[in-house]
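A.B. asks: Starting off with a structure, shown below.
The values are calculated or read from the model by the stated rules, or taken from the named source; none is laboratory data. What you see is a predicted model, and the numbers here were worked out from it, not measured in a lab. Neighbour counts run over all protein chains shown; Cβ positions are idealised from the backbone, glycine included. With ligands, DNA and RNA removed, areas are computed over all heavy atoms of the protein, side chains included. Shrake-Rupley method; radii C 1.70, N 1.55, O 1.52, S 1.80 Å.
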Amino acid sequence: MLKRPCSGSNKLSAISKSEETAVTPEQTIEEVRRCIQVAGGDRQWDDTRERWLWRAAKRLGLEPGRVTTLFYRKAKSIPAHEYLTIQARARALQKQHEERRRYVQETQELAKASGSTAAILLGDAAGAAFALAEWAEGLKREEG
């Protein structure tokens with residue numbers, strides 16, 4: 001039986017150095033599948049499963065065939081270094097995704113406050129930046 005840090009309620013397991021639990025191979029495989037899902041990102045309506053797995057493999061730095069084998073639970077074993085690499089890269093990707101989502105949310109809140117929501121929704125980055133700059137300039141004038 002393998003040992004690894006306790007799992008948390010997060011999409012990926014939370015690392016806790018103080019507590020360790022026994023983990024079955026099935027749990028390890030499920031953890032790897034969750035990591036692959038995080039790395040693959042959201043599937044678009046026109047994405048095939050093969051393309052989605054290829055994208056996950058590219059982001060994890062693995063061969064597409066290996067990721068397919070892991071995802072479909074056909075791997076006979078998962079070396080520790082491979083497991084740790086997959087887990088670390090998936091966590092980094094999840095963190096990037098959360099930071100990007102937070103940035104977009106904050107930008108949209110600023111746009112709403114300045115009345116330039118349309119520029120954000122239409123994907124007009126230059127227009128949105130201009131509107132935000134105008135809004136910030138207006139705040140400076142009000143303060144001064």
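A.B. asks: What about residue 47, is it outside any helix (DSSP H, G or I) and either touching an Asp or Glu at 6+ places or on another chain (Cβ under 7 Å) or closer than 30 Å to residue 132 by Cα (or both)?
C.D. replies: No, not satisfied.
A.B. asks: Regarding residue 139, is this residue modelled with pLDDT under 75, surrounded by 11 or more Cβ atoms within 10 Å (Cβ to Cβ) and not basic (Lys, Arg)?
C.D. replies: Here the answer is yes, as residue 139 does meet what is asked.
A.B. asks: What are the pairs, 6+ residues apart or on separate chains, where a residue within segment 77-88 that is farther than 17 Å from residue 24 by Cα has its Cβ under 7 Å from a residue that is hydrophobic (A, V, I, L, M, F, W, C)?
C.D. replies: 86/32; 86/35; 86/60
A.B. asks: Further question on the same structure: Restricting segment 59-76 to residues that are touching a residue at least 24 places away in the same chain (Cβ under 8 Å) and open to solvent by 50 Å² or more (accessible area, probe 1.4 Å), which is nearest to the chain's Cα centre (by Cα)?
C.D. replies: Among those that are touching a residue at least 24 places away in the same chain (Cβ under 8 Å) and open to solvent by 50 Å² or more (accessible area, probe 1.4 Å), it is 59.
A.B. asks: Okay, next question. May I ask you to list pairs of residues, at least six apart or on different chains, whose Cβ atoms are under 9 Å apart, with the first in segment 38-58 being free of Cβ contacts under 8 Å to residues at least 24 places away in the same chain and charged (D, E, K, R) and the second being open to solvent by 100 Å² or more (accessible area, probe 1.4 Å) and part of a loop (DSSP other than H, G, I, E, B)?
C.D. replies: 49/43; 51/43
A.B. asks: Looking at the structure I just gave you, is residue 119 in contact with a Gly (Cβ under 6 Å, 6 or more places away or on another chain), in a helix (DSSP H, G or I), modelled with pLDDT of 95 or more and surrounded by 11 or more Cβ atoms within 10 Å (Cβ to Cβ)?
C.D. replies: So residue 119 fails the test.
A.B. asks: Please tell me if residue 51 is of a type outside the set (Ser, Thr, Tyr), open to solvent by 100 Å² or more (accessible area, probe 1.4 Å), over 15 Å from the mean Cα position of the chain (by Cα) and under 19 Å from residue 23 (Cβ atoms).
C.D. replies: For residue 51, the condition - of a type outside the set (Ser, Thr, Tyr), open to solvent by 100 Å² or more (accessible area, probe 1.4 Å), over 15 Å from the mean Cα position of the chain (by Cα) and under 19 Å from residue 23 (Cβ atoms) - is not met.
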